[in-house]
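Colleague: Could you have a look at this structure, given as structure tokens, before my questions?
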Amino acid sequence: MTTRFIWTGPHDAKTAILFAHGAGAPMDSPFMADMAEKLGNKGYRVGRFEFPYMVKRRDDGKKRPPDRAPALMDAFQTAITDADTAPGNKLVIAGKSMGGRIASMIADTAGVHALLCLGYPFHPTGKPDKPRTDHLKTLATPGLICHGTRDPFGSPDEIAGYDLSPAIRLHWVADGNHDFAPRKASGRTQDQNLDECAIAIDHFLQSLPG
């Protein structure tokens with residue numbers, strides 16, 4: 001199956017970002033579309049794509065659970081192969097929630113320039129005793145995790161206790177939930193949080209050598 005992409009951003013960008021969705025929302029969800037637009041406005045070529053189970057859901061309208069991790073990893077690798085990126089351009093892989101987790105699991109073997117995770121699912125909701133961080137201990141690919149301070153998939157205190165690779169940087173999204181939406185009482189907006197996340201991503205990628 002050839003990967004379907006939605007591309008955002010300049011065609012002549014020197015860095016392409018392949019952006020995978022989370023478990024429940026497709027590649028054209030508001031979060032995915034808004035984030036892709038903000039990164040495109042900063043000069044990156046962003047390609048959103050869907051895992052096979054989500055493609056089937058789009059085709060027949062039937063909701064399905066995600067495939068097992070090995071199948072998702074294979075699909076992400078296929079997307080890398082199918083992506084229409086110019087030779088010599090830098091390739092960054094990224095994902096929202098589950099998509100970021102899968103990206104992090106293939107980053108080192110895929111030989112990409114960098115990794116971006118937006119709302120990483122450090123553990124299942126309500127199960128902090130079951131962390132999904134073993135592979136993050138030895139990650140060699142430079143990575144940035146943007147994570148809301150109210151995200152139920154990992155609190156700041158919980159994440160502080162994880163043994164994460166020195167290649168990983170964290171950007172905390174102020175009062176953000178799993179979709180980076182803050183409470184009204186915070187005086188912030190989700191759009192503001194997405195803007196700040198895009199700025200953090202840009203600064204991170206600009207700081208990398210090569």
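Read-outs: derived from the displayed coordinates by stated rules, not from any lab. Note that the coordinates shown come from a computational prediction; the quantities given were computed from them, not determined experimentally. Reconstructed Cβ throughout: ideal geometry from the backbone, glycine too, with neighbour counts over all protein chains shown.
Colleague: Any residue at all in the range 186-194 that's of a type outside the set (A, V, I, L, M), out of contact with any Gly (no Cβ under 7 Å at 6 or more places or on another chain), closer than 26 Å to K90 by Cβ and not in a strand (DSSP E or B)?
Modeller: The answer is no; no qualifying residue exists.
Colleague: Now a separate question. Taking the condition closer than 24 Å to E37 by Cα, surrounded by fewer than 21 Cβ atoms within 10 Å (Cβ to Cβ), out of contact with any helix residue (DSSP H, G or I) (no Cβ under 7 Å at 6 or more places or on another chain) and hydroxyl-bearing (S, T, Y), does T125 pass?
Modeller: For T125, the condition - closer than 24 Å to E37 by Cα, surrounded by fewer than 21 Cβ atoms within 10 Å (Cβ to Cβ), out of contact with any helix residue (DSSP H, G or I) (no Cβ under 7 Å at 6 or more places or on another chain) and hydroxyl-bearing (S, T, Y) - is not met.
Colleague: In the range 27-54, how many residues are over 18 Å from D82 (Cβ atoms), in a loop (DSSP other than H, G, I, E, B) and not charged (D, E, K, R)?
Modeller: The total comes to 3.
Colleague: Now for a different question. Do we have any residue at all in the range 89-98 that's under 17 Å from I17 (Cβ atoms), among the hydroxyl-bearing types (S, T, Y), surrounded by fewer than 21 Cβ atoms within 10 Å (Cβ to Cβ) and touching a residue at least 60 places away in the same chain (Cβ under 8 Å)?
Modeller: no
Colleague: Among residues belonging to the range 174-210 that are crowded, with 17+ Cβ neighbours inside 10 Å and on the phi > 0 side of the Ramachandran plot, point out the one that is farthest from the chain's Cα centre (by Cα).
Modeller: Filtering first and then ranking leaves D175.
Colleague: Which one of these is of a type in the set (F, W, Y), surrounded by 16 or more Cβ atoms within 10 Å (Cβ to Cβ) and in contact with a Ser or Thr (Cβ under 8 Å, 6 or more places away or on another chain): Y44, Y53? I'd like the intermediate steps shown before the answer.
Modeller: Numbers: Y53 fails: in contact with a Ser or Thr (Cβ under 8 Å, 6 or more places away or on another chain).
Step by step, each of Y44, Y53 is checked, and only Y44 is of a type in the set (F, W, Y), surrounded by 16 or more Cβ atoms within 10 Å (Cβ to Cβ) and in contact with a Ser or Thr (Cβ under 8 Å, 6 or more places away or on another chain).
Colleague: Name the pairs whose Cβ atoms lie under 7 Å apart, with the first residue in the range 118-142 and without any contact (Cβ under 8 Å) to a residue 60 or more places away in the chain, the second polar (S, T, N, Q) and assigned to a loop (DSSP other than H, G, I, E, B), and 6 or more positions between them or separate chains?
Modeller: P121/S97; F122/T133; L136/S165; K137/S165; T138/S165; L139/S165
Colleague: Okay, next question. Out of curiosity, is K137 over 25 Å from V92 (Cα atoms) and of a type in the set (D, E, K, R)?
Modeller: Criteria not met by K137.
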